[in-house]
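Engineer: Take this structure, written in structure tokens, and hold onto it; I'll ask about it next.
The values are calculated or read from the model by the stated rules, or taken from the named source; none is laboratory data. Source: prediction; values computed, not measured. For neighbour counting, all protein chains shown are included, and Cβ atoms are generated from backbone atoms with ideal geometry for every residue, glycine included. Please note that ligands, DNA and RNA were not included when accessible areas were found on the heavy atoms of the full protein model with its side chains. Shrake-Rupley method; radii C 1.70, N 1.55, O 1.52, S 1.80 Å.
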Amino acid sequence: MIERVSADYLIIGSGIAGLRAAAELVEHGRVLVLTKSDRGAGSTGYAQGGIAAAVGDDDSPELHASDTLTAGDGLCDPRAVEMLVTDGPAYVRELIDWGALFDKAPDGHLDLAREGAHAVRRVLHARDATGREIARVLFARLKGHPAIRIVDHATAVQAITEDGTVRGVRFLDERGVLVEARAQATLLATGGAGQVFRETTNPAVATGDGVALAYLAGARVADLEFVQFHPTVLAVPGAPRYLLSEALRGEGARLLNADGDPFVYRYDPRGDLASRDRVSQAIVLESARTGGPVYLSLAHLPADFVRDRFPAIAEACRRVDLDIATDRLPVGPAAHYLMGGVVTDLEGRTSLPGLFAAGEAACTGVHGANRLASNSLLEGLVFGGRAGRAMRGWRGDAWPHAGTPIVEPAPEGPPLRPALEEHAIRDMMWRQAGVYRSREDLTAADTVLTTAAGEVLAQRGAGASLSTDAWRTVSLLTVAHLIVRAARRREESRGAHSRTDFPNRDDDRWKRRVEDVRSVK
Ligand code: FAD
Ligand code: SIN
């Protein structure tokens, strides 16, 4: 017999999107949050640069929208963008009312930072650890509330679907035991999928589980070819990758080639503060041209200012014997953000009744082909809140909490064994579906992934049981396959998707979303 828990509202993930949704729901019913590792393990706690919002005197929602649409390279949904930028300032002010301490200038005004492709300074930040500050405030807001229960080390692995409606999820608890969590509305707030690639800024939990789980349940997913590669990730051989925030360039840091010369302007007239896709491409091209590394340098800036403004990054550099203020810091691109995800409307509703999605796992259309810097935390906040409100209004049948026990047996088949190992998937994705892509590479990757994904489905169909590790590989494999399929189909270059065989943007054929859906019987 499968163990069972229930609530009115079920939230998968404890990052900014899940927590903001929870804040919307706790006064309206019992909220159960499942989170697959420690509750602070998602990308939110890692966010450095800040959260963008049109709160400055020289700024406006229209200007913020214009920058967002330009970065999105023709594929943003303008309605979603308008919602983000007009609602954004109020959501951010609410965070401040709840206790968020963003840095202030000496005159007491918010100290707004500049980042790539923003026309003005509009990024609120808490030094270089903005995500940690936001998470602190959201957890504090929910702490001790009698209606909320957060369960750590609970990994959602499958949607429970009855008559086409999602009634909750199955999850593996910390003992590795399969449990059913049922609720009248379920939110996927599982974050991104950077772990699909060998080089990534993302934490270990970012394996695209929400996208995989929704897709395997038959939900629509879209825009998965658009993976943002952050240009400046500390690339010291043998050391873990560590993000060097775009805010460094916002404060004047320069990208230099192996000869010590600035180079980005040769590839984009905006130079070091061009949009991320362009800077990542410039780094790859320049490294290929010179055959040498690329560096980020702050040596021309006042050392005290640099160390005070970026203390966490300075410490990370120190750990690999580099001085942020004086040394050249070797950098390269790494997978950072998934623009695509589970298709939602503006209230977070997916194509499956009862299932909602928000944050990086969702595809609201706000980012189009390339996300503007610091718009992700804002998206999690605004659309997490909106999804929470919509879940309250969801009129699906409520799950009878005091019902008969579920007698469905837990799968008892042999353990599922994915044919491809995680490192093989990540390595192949980096080499064949990274910053630059081609038909040849994508076709080869697709062949491998189609076979491996087919074997997984066959094993699951035969009742194979899942462990947390096996699910991790299944999720990576599923999302990798979706990315490759979408990238193969889109025969143009746009935003973060660069095809060497189709180097130009082709609006006639491709000014549209690539969607995928699995038909589930
Ligand atoms: P996350 O915060 O990633 O949370 C996802 C949650 O889901 C986690 O709790 C995870 O454990 C849980 N989860 C995942 N799978 C399962 C499962 N199967 N079952 C149960 N739980 C699950 N954006 C900005 O706007 N500004 C920045 O300055 C910025 N800096 C960044 C720096 C770094 C290093 C990184 C990695 C990202 C940065 N981003 C930034 C992006 C931004 O942080 C994320 O896109 C955003 O925090 C995502 O929020 P989320 O709530 O969607 O997901
Ligand atoms: C950064 O600080 O460079 C990351 C900001 C983001 O991902 O928006």
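Engineer: How about segment 96-192: which chymotrypsin sites (Phe, Trp or Tyr not before Pro) there lie in a loop by DSSP and see at most 16 other Cβ atoms within 10 Å?
Structural biologist: 98
Engineer: Taking the Cα atoms of segment 177-242 alone, what are Rg (to one decimal) and Dmax (as a whole number) in Å?
Structural biologist: My reading of the Cα-based Rg and Dmax gives 15.4, 49 Å.
Engineer: I've got another one for you. What percent do you get for the relative contact order of segment 1-100 when only Cα pairs under 8 Å and 6+ apart count?
Structural biologist: Relative CO of segment 1-100 lands at 21 percent.
Engineer: Angle check, please: helix 468-489 long axis (alpha carbons) against the longest principal axis of the chain (alpha carbons), in degrees 0 to 90, nearest 10.
Structural biologist: 60 degrees
Engineer: Do the sum for the chain: with -39,500 (n - 2.57) for every DSSP H run of n ≥ 4, divided by all residues, what is the mean residue ellipticity at 222 nm, to the nearest 500 deg cm²/dmol?
Structural biologist: -10500 deg cm²/dmol
Engineer: Could you sort 367-380, 506-519 so that the peptide with the highest average Cβ count within 10 Å comes first and the rest follow in order?
Structural biologist: On the way: 367-380: 28.4, 506-519: 13.7.
Packing order, densest peptide first, comes out as 367-380, 506-519.
Engineer: Here's something else I'd like to know. How big is the Kirkwood radius of segment 45-190, worked out from every pair of different alpha carbons and given in Å to one decimal? All intermediate terms of the calculation are to be shown ahead of the outcome.
Structural biologist: Details: mean 1/r = 0.0550 Å⁻¹.
The answer is 18.2 Å.
Engineer: So, with a 1.4 angstrom probe, what is the percent of accessible area on segment 46-148 that is carbon and sulfur?
Structural biologist: On segment 46-148, the fraction of accessible area on carbon and sulfur atoms equals 52 percent.
Engineer: Angle between the Cα long axis of helix 130-142 and the longest principal axis of the chain, 0 to 90 degrees, nearest 10?
Structural biologist: With rounding to tens, the tilt is 30 degrees.
Engineer: Once the Cα gyration tensor of segment 1-107 is found, what semi-axes does its equivalent ellipsoid get, as square roots of 5 times the eigenvalues, in whole Å, sorted largest first?
Structural biologist: On the way: eigenvalues 200, 68, 41 Å².
So the equivalent ellipsoid measures 32, 18, 14 Å along its semi-axes.
Engineer: Given a 1.4 Å probe, how much area per residue of the chain is accessible, in Å²?
Structural biologist: 38 Å²
Engineer: To continue, here is another question. Counting pairs of alpha carbon atoms under 8 Å apart in space and at least six apart in sequence, what relative contact order in percent does the chain give?
Structural biologist: Relative contact order of the chain: 22 percent.
Engineer: Here's a follow-up. May I ask for the angle, rounded to the nearest 10°, between helix 16-25 and the longest principal axis of the chain, with both axes built from Cα atoms and the value confined to 0 to 90°?
Structural biologist: 50 degrees
Engineer: Right, another one. When the Debye formula is applied to the Cα atoms of the chain, each taken as the same point scatterer, what base-10 log of I(q)/I(0) results at q = 0.10 Å⁻¹?
Structural biologist: -0.74
Engineer: Figure the gain on full extension for residue 66 and residue 143 (residue separation times 0.36 nm, minus the Cα-Cα span) and round it to one decimal in nm.
Structural biologist: Between residue 66 and residue 143, full extension yields 23.9 nm more.
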